[in-house]
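A short write-up of the structure that comes next.
The values are calculated or read from the model by the stated rules, or taken from the named source; none is laboratory data. Everything numeric in this text was worked out from a predicted model, so none of it was measured. Neighbour counts run over all protein chains shown; Cβ positions are idealised from the backbone, glycine included.
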Amino acid sequence: MEIELNDAELVLQIGSGSDREAEAELFRRMAPRIRLYGLRHLRDVYAADDLTQQVLITTLEALRAGRLRQPEKLASFVLGTCRMTVLDLRRNAQRKEALLEKFGADLLAPVQPSMPHLDHEQLARCVQNLKERERSVVVMTFYDEQSGADVASFLGVSEANVRVIRHRAIHQLRDCMGVAS
Amino acid sequence: MSCTSPVDAAVLADYWLAALAGSEEEAVELHLLDCDQCGARLREVIALAEGIRNLAREGSLRMVVSDSFLKRVAEEGLHVREYAPPPGGAVECTVTAEDDILIGRLAANLSGANRVDLCICDERGVEQLRLPDIPVHREASSVVYQESITFAKAAPTNKMIARLVTFDEAGGERLLGEYRFNHTRSLPGPGAW
């Protein structure tokens with residue numbers, strides 16, 4: 001039976017020598033998480049993929065060199081690296097090709113868990129079944145990308161109230177779509 | 001491994017919308033870099049957000065929208081067809097294959113109205129649908145109603161009456177405005193219900 005290593009154990013294994021399997025496992029595990037960070041901050045799938053690759057390379061460099069002193073702080077280290085890399089990407093810093101050569105493209109094949117598929121017709125019914133204000137809030141925020149203050153001004157309510165309405169609407173939509181946990 | 005402190009989907013939506021305070025955002029990000037279950041939930045939220053964006057682009061939702069919404073759809077290159085009958089008046093209208101969004105701009109004095117309902121009636125004035133407590137700004141001079149373009153494109157030639165009503169302190173209904181839309185079908189096909 002194969003026992004799954006936790007993040008800290010993986011860090012230690014990678015730091016103790018060149019263990020391709022542990023490195024590959026780290027990549028498989030962290031890539032989808034980093035990609036989500038990239039999607040949130042860069043709003044672009046290709047840029048998120050670039051970010052994922054660069055953060056993984058930087059992380060692997062650090063782990064191989066034993067620079068992560070506290071293995072249980074892997075998430076903190078990766079978050080810090082994500083932030084720095086987003087800044088780098090925005091400054092168009094490109095070290096990618098050289099690093100790809102150094103670490104090998106096979107190891108860095110992107111891991112992209114697909115987005116869940118939602119039934120479009122069902123979602124239309126669920127959105128239409130929301131109360132008027134809830135529907136306005138979700139459309140204004142998710143489509144129109146209006147700030148809480150702008151939505152509040154349109155509805156004539158407080159920003160805190162907009163947040164409450166949005167939260168209620170999201171829970172109702174998830175219930176209606178059958179994805180609520 | 002099971003998550004012992006799952007992040008609520010609504011909080012993940014706030015995260016996706018960049019609506020969390022700095023410290024809260026950092027806590028969520030740290031958690032997401034350590035938890036695949038919450039990552040999966042965030043993906044569901046992102047899919048929901050994308051689905052809502054697609055629905056909005058389709059113009060198939062019946063709802064009250066803002067002028068900024070109309071600006072946004074125009075920026076996306078969508079074609080907006082708008083009619084603005086005066087209160088108590090009528091407008092001749094249609095919808096073509098090129099239209100993406102169908103709007104009725106209903107002028108009304110909304111000052112002092114605490115709650116406004118929008119009633120959609122047939123040509124005899126019999127209520128068919130009510131949008132209760134629609135979002136209105138008291139200082140606004142009109143309500144911008146989006147009719148479902150999917151519905152309008154399938155509709156035969158017909159007449160529709162829209163009514164904006166408010167309520168007095170005793171709960172009695174008071175008419176703010178009535179608007180007649182005389183729709184002529186211009187698309188080919190039978191267009192019957």
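Taking the conditions exactly as written (without any contact (Cβ under 8 Å) to a residue 12 or more places away in the chain and on the phi < 0 side of the Ramachandran plot), does B:E169 satisfy them or not? If you could, list the steps in order and put the result at the bottom.
On the way: without any contact (Cβ under 8 Å) to a residue 12 or more places away in the chain: yes; on the phi < 0 side of the Ramachandran plot: yes.
When the stated conditions are applied, B:E169 passes them.
If you go through the range B:16-40 and keep only what is under 29 Å from the mean Cα position of the chain (by Cα) and at the interface with chain A (Cβ under 7 Å from one of its Cβ atoms), you end up with B:W16, B:L17, B:A19.
crowded, with 18+ Cβ neighbours inside 10 Å and outside the structural domain of B:R130 (by TED's automatic domain parsing), is that true of B:G104? No; evaluated as a whole, the condition is false for this residue. Of the residues making up the range A:1-42, just one is at pLDDT below 90 and within 30 Å of B:A18 (Cβ to Cβ), namely A:D7.
Would you mind finding the one in B:R124, B:R138 that is over 21 Å from B:L61 (Cα atoms) and in contact with a Ser or Thr (Cβ under 7 Å, 6 or more places away or on another chain)?
Working: B:R124 fails: in contact with a Ser or Thr (Cβ under 7 Å, 6 or more places away or on another chain).
That would be B:R138, the only listed residue that is over 21 Å from B:L61 (Cα atoms) and in contact with a Ser or Thr (Cβ under 7 Å, 6 or more places away or on another chain).
Output the number of residues of the range B:55-97 satisfying the condition of being assigned to a helix (DSSP H, G or I) and within 13 Å of the chain's Cα centre (by Cα). Give the steps one after another, and end with the answer.
To start, the set of residues in the range B:55-97 that are assigned to a helix (DSSP H, G or I) comprises B:55-58, B:67-75.
If we keep only those that are within 13 Å of the chain's Cα centre (by Cα) as well, we get B:55-58, B:67-70, B:73.
Qualifying residue count for the region: 9.
If you check A:L79, A:L108 for being assigned by TED's automatic domain parsing to the domain that holds A:L39 and either modelled with pLDDT of 95 or more or crowded, with 18+ Cβ neighbours inside 10 Å (or both), only one passes: A:L79.
Listed by first and then second residue, the pairs linking a residue in the range B:17-40 that is over 19 Å from A:H167 (Cβ atoms) and small (G, A, S) to a residue that is part of a helix (DSSP H, G or I) and modelled with pLDDT of 95 or more, with Cβ atoms under 7 Å apart and 6 or more places separating them unless they lie on different chains, are B:G39/A:P32; B:G39/A:R33; B:G39/A:L36; B:G39/B:L32. The set of residues in the range B:1-49 that are farther than 25 Å from A:S147 by Cα and not in a helix (DSSP H, G or I) comprises B:M1, B:S2, B:C3, B:T4, B:S5, B:P6, B:L33, B:D34, B:C35. Of the residues that make up the range B:137-153, is at least one over 21 Å from A:V157 (Cβ atoms) and over 17 Å from the mean Cα position of the chain (by Cα)? The answer is yes; a qualifying residue exists. The residue list B:P188, B:P86, B:P132 contains one member that is in contact with a helix residue (DSSP H, G or I) (Cβ under 7 Å, 6 or more places away or on another chain), exposed (fewer than 14 other Cβ atoms within 10 Å of the Cβ) and either farther than 21 Å from B:G59 by Cα or not β-branched (V, I, T) (or both), which is B:P132. In the set B:Y15, B:Y83, only one residue is among the aromatic types (F, W, Y), at pLDDT 95 or above and farther than 16 Å from A:V138 by Cα; that residue is B:Y83.
Taking the criterion of being buried (at least 24 other Cβ atoms within 10 Å of the Cβ) and either part of a loop (DSSP other than H, G, I, E, B) or touching a Cys at 6+ places or on another chain (Cβ under 6 Å) (or both), the only residue of the range A:127-179 that qualifies is A:L173.
In the set (1) at pLDDT below 95; (2) away from chain A (no Cβ under 11 Å), B:A140 fails one condition alone, (2). Taken over the range A:158-180, the criterion of being within 22 Å of A:R125 (Cα to Cα) and facing chain B (nearest Cβ under 9 Å) is satisfied by A:R166, A:H167, A:R168, A:A169, A:I170, A:H171, A:L173, A:R174, A:M177, A:V179, A:A180. Among the residues of the range B:105-137, those that are assigned to a loop (DSSP other than H, G, I, E, B), within 13 Å of chain A (Cβ to nearest Cβ) and in contact (Cβ under 8 Å) with a residue 24 or more places away in the chain comprise B:L110, B:S111, B:G112, B:A113, B:N114, B:R115, B:I134, B:P135, B:V136, B:H137.
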